[in-house]
Amino acid sequence: MENQDKHYLFYITQNYSFGILRPLQSVITQRGGKVAWFADPNTVNIDWFTEDEVLLTSVAEVKSFNPRAVFVPGNVVPDFFPGIKVEVFHGFEWKKPGHFTIRGFFDLYCTPGAFPTKVFSELAEKHKHFVVKETGWPKVDPLFEMNKTFTKKAGKPVILFAPTFSPKLTSAPALYEHIKVLSQNDDYQWIIRFHPKMPSKWVENYRSLENSNLKLDTSDSALPSLCKADVMISDTSSIITEFSLLRKPVITLNNSKPEPCLINITSAQELKPAIEAALAPSQELLQEIDKQVANVHPYKDGLSSVRVLEAVEDFLSNPPKLKPKPLNLIRKIKIRKRVKYYRLR
């Protein structure tokens, strides 16, 4: 078994995890550490791994690698993997059901800002089997650096449409005909960026609209599109906050919990005037965006990955006294089936 000093494992079950964890991987390797990945081959595109990334494919390999910490953007993790289990989250999705559900797998929650820190700290006090540290979110580290060097091209305003995939929340069906019409004139340049779980029907419907004014962004990172766009249109999605970090207006259709920092509309007919309002945002709107950002992710230094790693090392150097985690038998059995591991240890 390898020495676990400076060994860290990334456990992923979705393609969006690459963008979340690669900034953290860079910090670990810069500090002389070694990263390995364990991916669910049923839901992760293995072709997305680069030649210099280490992919483990069995529990035996994970145990041999012997990580000191396992970083997870998802909700669960194999409890039989070595190392402390660290939740780094897969988005700013606090409005969606289940975001604050404690599933009993993690030792450390690395939160992005004051509001989620407060909620998870209250839950930590209640459950007493994990600790919370506010660090910022690794995924957005490159966003600030990219935005600093991004040069805005002259021309039409750029509108980014980035709906969520959830059938109850998505704006993709309701806005289809309106975006179709708007994309046929030359007022705006459109970028369509779908969540990886968006039903293929809607991906193909919007792909059929592609023209000189509208393109689908199917790259492995949304960050360039966030930098290019002047305005975002969405609904109830984590990417709203990512865009707001750049102090840009967001239009939402039937957001589940509308806030003053959003231009929320309740019908597709309101889309065109909302776009015009967003392209000339009031100072009041910009101030509300600033307030929201300060509450959910105040860090603009691009060092959230550093803080996450330091939080882990502090946890390991000064282990807190925690209660045992819940038994979680059903979830643990499901995970064992997923990774085909049935040994007791």
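The values are calculated or read from the model by the stated rules, or taken from the named source; none is laboratory data. A quick note: this is a predicted structure, and the numbers were derived from the prediction, not measured. We place every Cβ from the backbone using ideal geometry, glycine too, and count neighbours over all the protein chains shown. Calculation scope for accessible area: heavy atoms of the full protein, side chains included, ligands and nucleic acids excluded. Shrake-Rupley method; radii C 1.70, N 1.55, O 1.52, S 1.80 Å.
Counted residue by residue at 0.36 nm each, then reduced by the alpha carbon distance between them, the extension gain from Ile46 to Lys152 reaches 34.8 nm. For the chain, averaging the sequence separation of C-alpha pairs within contact (under 8 Å, six or more residues apart) and dividing by the residue count gives a relative contact order of 18 percent.
The angle separating the long axis of helix 114-127 from the principal Cα axis of greatest extent in the chain is about 30 degrees. On the chain, 53 percent of the accessible area sits on carbon and sulfur atoms, based on a 1.4 Å probe. In the elastic network of the chain, a GNM with C-alpha springs shorter than 10 Å, the most mobile of Glu259, Glu204, Glu145 is Glu204.
Rolling a 1.4 Å probe across the protein heavy atoms gives the chain an accessible surface of 47 Å² per residue. Simple spin-label estimate for Lys197 and Lys180 gives 2.7 nm between the two label positions (7 Å along the Cα-to-Cβ direction from each Cα).
Among beta bridges identified by DSSP and lying wholly in the chain, the antiparallel ones come to about 5 percent. Here the relative contact order of region 124-276, from alpha carbon pairs under 8 Å that lie six or more residues apart, stands at 24 percent.
Spin-label pair Ser64-Asn15: with each label point 7 Å from Cα along the Cα-Cβ axis, the two points sit 3.0 nm from one another.
Near Asn213: Cβ cut-off under 15 Å, other residues only, Lys/Arg at +1 and Asp/Glu at -1. The net charge is +2. Give me the distance between the Cα centres of region 195-254 and region 25-90, rounded to whole Å. Each part's Cα centre sits 28 Å from the other's. For a straight C-alpha distance cut-off of 30 angstrom, the lysines reachable from Lys126 (same-chain residues fewer than eight places away being disregarded) are Lys85, Lys95, Lys96, Lys118, Lys139, Lys257, Lys291, Lys321, Lys323, Lys325, Lys332, Lys334. Note on Lys228 and Ile330: their simple-model spin labels are 4.5 nm apart, each label 7 Å out from Cα toward Cβ. Projecting the Cα positions of Phe106, Ser17, Ala222 onto the charge dipole of the chain (unit charges on Cβ atoms of Lys, Arg, Asp and Glu, taken about the Cα centre) puts Phe106 furthest along the positive direction. Measuring only protein heavy atoms, the 1.4 Å probe finds Met198 accessible over about 10 Å². If you take all other residues with their beta carbon under 13 Å from the beta carbon of Ala268, and give Lys and Arg +1 and Asp and Glu -1, the sum is -1.
Counting 0.36 nm for each residue step from Leu286 to Lys6 and taking away their Cα separation leaves a gain of 96.6 nm.
Over all other residues within a Cβ to Cβ distance under 13 Å of Pro224, the charged ones net out to +1, with Lys and Arg as +1 and Asp and Glu as -1. Seen from all directions on average, region 151-288 presents a Cα convex hull projection of 7.9 nm². Derived value for region 96-218: Kirkwood hydrodynamic radius 17.8 Å. Basis is the mean of 1/r over every pair of different alpha-carbon atoms. For the chain, report the % of Cα-Cα distances exceeding 33 Å. In whole percent, the share of Cα-Cα pairs in the chain beyond 33 Å is 30.
Summing Cβ point charges (Lys, Arg +1; Asp, Glu -1) relative to the Cα centre of the chain gives a dipole of roughly 1360 debye. Rounded to the nearest 500, the 222 nm mean residue ellipticity of the chain from helices alone is -10500 deg cm²/dmol, with -39,500 (n - 2.57) taken per DSSP H run of at least 4 residues. Taking 0.890 mPa s as the viscosity and 25 °C as the temperature, the Stokes-Einstein diffusion coefficient of region 1-70 based on its alpha-carbon Kirkwood radius rounds to 200 µm²/s.
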